[in-house]
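Step one of this worksheet: look at the structure below.
Just so it is clear, none of the values below were taken in a lab; they were calculated from the coordinates. For clarity, every value in this text was computed on a predicted model and none was experimentally measured. Cβ: placed from backbone, ideal geometry, glycine included. Neighbour counts: every protein chain shown.
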Amino acid sequence: MKALTQKMGYGIVYGIGLQFRLDLRSKSLLVTCYLVPLVFYAIMGGIFTSVMPGVSDTLIQSMTVMGVSMGALIGVPPTLAEIYGTDVRRMYQAGGVPLSFGLAAAALSAFIHLMIMSGIICVTAPLAFGASLPQDMPRYVASLALFLIVSLSIACALGVWVRDQAKLTMFSQLIFLPSIMLSGILFPSDLLPEFLQTLGRIFPAAWGYQLMAQGAGGLETAGSLTALTVILILACILCALGLRRRRSD
């Protein structure tokens, strides 16, 4: 029994490591997880700090939210579509591997990549743009991890439910663009009409940005945590239903 458990554990670690290496070779994931977010950060960081001096206090948080949203919502769903829309799914079933393993491996690999990208922003922003580091770094990292998990859960739901690649791209954009425009990372959300402010609260980017930019404690922090938890639960339910649907195909 112990040998079987060790073998299963080795298989899980190997599978996740293999997915991580495959993602490193994936041009689309490298573009969405590293290239575009970091180029956007390099350009907009200089613009923001030039025209809005006070933005340096939240520059790290805003650029991180943009990068995580792009990497998760644009980069991950196509990877899952390749897994569940090709013969890889049948290989999982033939080998007795749970279908959920492909989803978990892709999500964990993307989590690592996006944490690395976020770390690059956090380290370089004070040197390049004079940005302020988060005052409570452990709390910031925990908030970032939660926001990442919620964003990836939505990406996974898209990847297992939408089969057509063209439709998948459309749905990913329909979630990504409002997330960025209405989250408050480009301009204060208070400038938006009440309807658009309410619409922006549907997406995790607004709550993730609010959570990472807030001080410790308070009702606002509790509200952000509650909203992200609710979104995570709903996305996980959709993922479970989507995997069940894939098994029956």
Relative packing of peptides 118-129, 174-185 - highest average C-beta neighbours within 10 Å first | 174-185, 118-129
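Per residue, how big is the convex hull around the C-alpha atoms of region 113-249? Give it to me in cubic angstrom, could you? Please report the intermediate quantities before stating the final value.
On the way: hull volume 18.3 nm³, N = 137.
Given the Cα convex hull of region 113-249, per-residue volume reads 134 Å³.
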